[in-house]
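Asks: What follows is a structure written as structure tokens; I'll ask about it next.
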Amino acid sequence: MATGSKAPEALLSHDWLGACRRAAEGLQTVLRDNPTSTERVIETGDRGEGGDLTLVIDAAAEDAVFSELDGLHAAGARFTAVSEERGLVDYGDPDLLVVIDPIDGSMNAKRGLTHHALSVAVADGPTMADVAFGYVYDLGPGEEWRATRGGGAFLNDVLLDHPMPERRRKDGKLELVAIESANPRWLAASSDALQRVTGRVRAMGSIAISLCQVAATRVDGMATLWNCRAVDAAAAQLIVRESGGFVAFTACDEPLSAPLDLEPRSPVVASRTEAALAELATVPASDLEGTTYS
């Protein structure tokens, strides 16, 4: 489990898990109502606060999430939402943050590829270290990942208390590493480091889902090849840590000091051991000055 204080009373006194589960059901309905790429590629014509063009399915998915947040607020919860599409939304408390990506992996969703997820994190402070609840629902296989600070990590309600150890090849390299932010420029810049660290890579197309795979040791580590946003990583990084794994935001002063805002601040790496974390920290393409997230 991650070290640190237990979840705050503001979290424990409201049904965040129930709200997330109902939001996930709403997202499944959105995708069933828009079953093909023809419907899913339609854009609204607007850009979200994160900078990406908003798809109709993004907007509908976010409506489903905010409907649940409205219900929590009506029941007495006070917080500020940090949303991929809407930006900051004031629900009465600037110190309790709810960090949301309605569809992490929206490219996969619109093209009909498997992995795309709802990601929701609740934090009682401004950084990754302050995340107290994390929820990721992978809409492809229908897997629910969740964690509460000090309370462990769960996959489909089964505690991840004894994940497999990492696997290494005879040459000492990690057997399998997930990579994200797979723009060809970043792949090229990171290729030498990847060859030093791992024998094989997988690109799933969702930072949240790739992090969750580390929590169950389905992969031996993960790395984004360039900066990620808090909405993509906040929930899943807690899930990794509560499973006994390690996470670092490599461009920040401290491993978990990345702020919970909408800027692409830092690459993120995750692993089952501290030694592997140090190796993976060499992978992100730090020499691409001026490159922006896209």
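Asks: Given the options Asp161, Asp93, name the one that is at pLDDT below 95 and assigned to a loop (DSSP other than H, G, I, E, B).
Replies: Asp161
Asks: In the stretch 80-90, how many are within 14 Å of Ala123 (Cβ to Cβ) and either open to solvent by 20 Å² or more (accessible area, probe 1.4 Å) or not in a strand (DSSP E or B) (or both)?
Replies: 1
Asks: Applying the selection to the stretch 61-71, what residues are within 18 Å of Asp101 (Cα to Cα) and either of a type in the set (Gly, Ala, Ser) or over 20 Å from the mean Cα position of the chain (by Cα) (or both)? Explain how you work it out, then say what you get.
Replies: First, pick out the residues of the stretch 61-71 that are within 18 Å of Asp101 (Cα to Cα): 61-70.
Scanning the stretch 61-71 gives Ala61, Ala64, Ser67, Asp70.
Asks: Residue check: is Val231 of a type outside the set (D, E, K, R), at negative phi, in contact (Cβ under 8 Å) with a residue 24 or more places away in the chain and not in a helix (DSSP H, G or I)?
Replies: no
Asks: Identify, please: which residue in the stretch 181-203 is at pLDDT 95 or above, open to solvent by less than 40 Å² (accessible area, probe 1.4 Å) and not in a helix (DSSP H, G or I) and is, among those, farthest from Arg146 (Cα to Cα)?
Replies: Within the stretch 181-203, the match that is farthest from Arg146 (Cα to Cα) is Gly199.
Asks: Which ones in the stretch 267-294 are surrounded by fewer than 24 Cβ atoms within 10 Å (Cβ to Cβ), of a type in the set (A, V, I, L, M, F, W, C) and at pLDDT 95 or above?
Replies: Ala275, Ala276, Leu277, Ala278, Ala281, listed by residue number.
Asks: Residues of the stretch 237-266 being open to solvent by less than 10 Å² (accessible area, probe 1.4 Å) and in contact with a Phe, Trp or Tyr (Cβ under 7 Å, 6 or more places away or on another chain), which ones?
Replies: Within the stretch 237-266, Ile239, Ala258, Ser266 qualify.
The values are calculated or read from the model by the stated rules, or taken from the named source; none is laboratory data. From a predicted model like this one, the values you see are computed outputs, not experimental measurements. Here the Cβ is made from the backbone with ideal geometry for all residues, glycine too, and neighbour counts use every protein chain on show. Note: areas computed on protein heavy atoms with side chains; ligands, DNA, RNA excluded. Shrake-Rupley method; radii C 1.70, N 1.55, O 1.52, S 1.80 Å.
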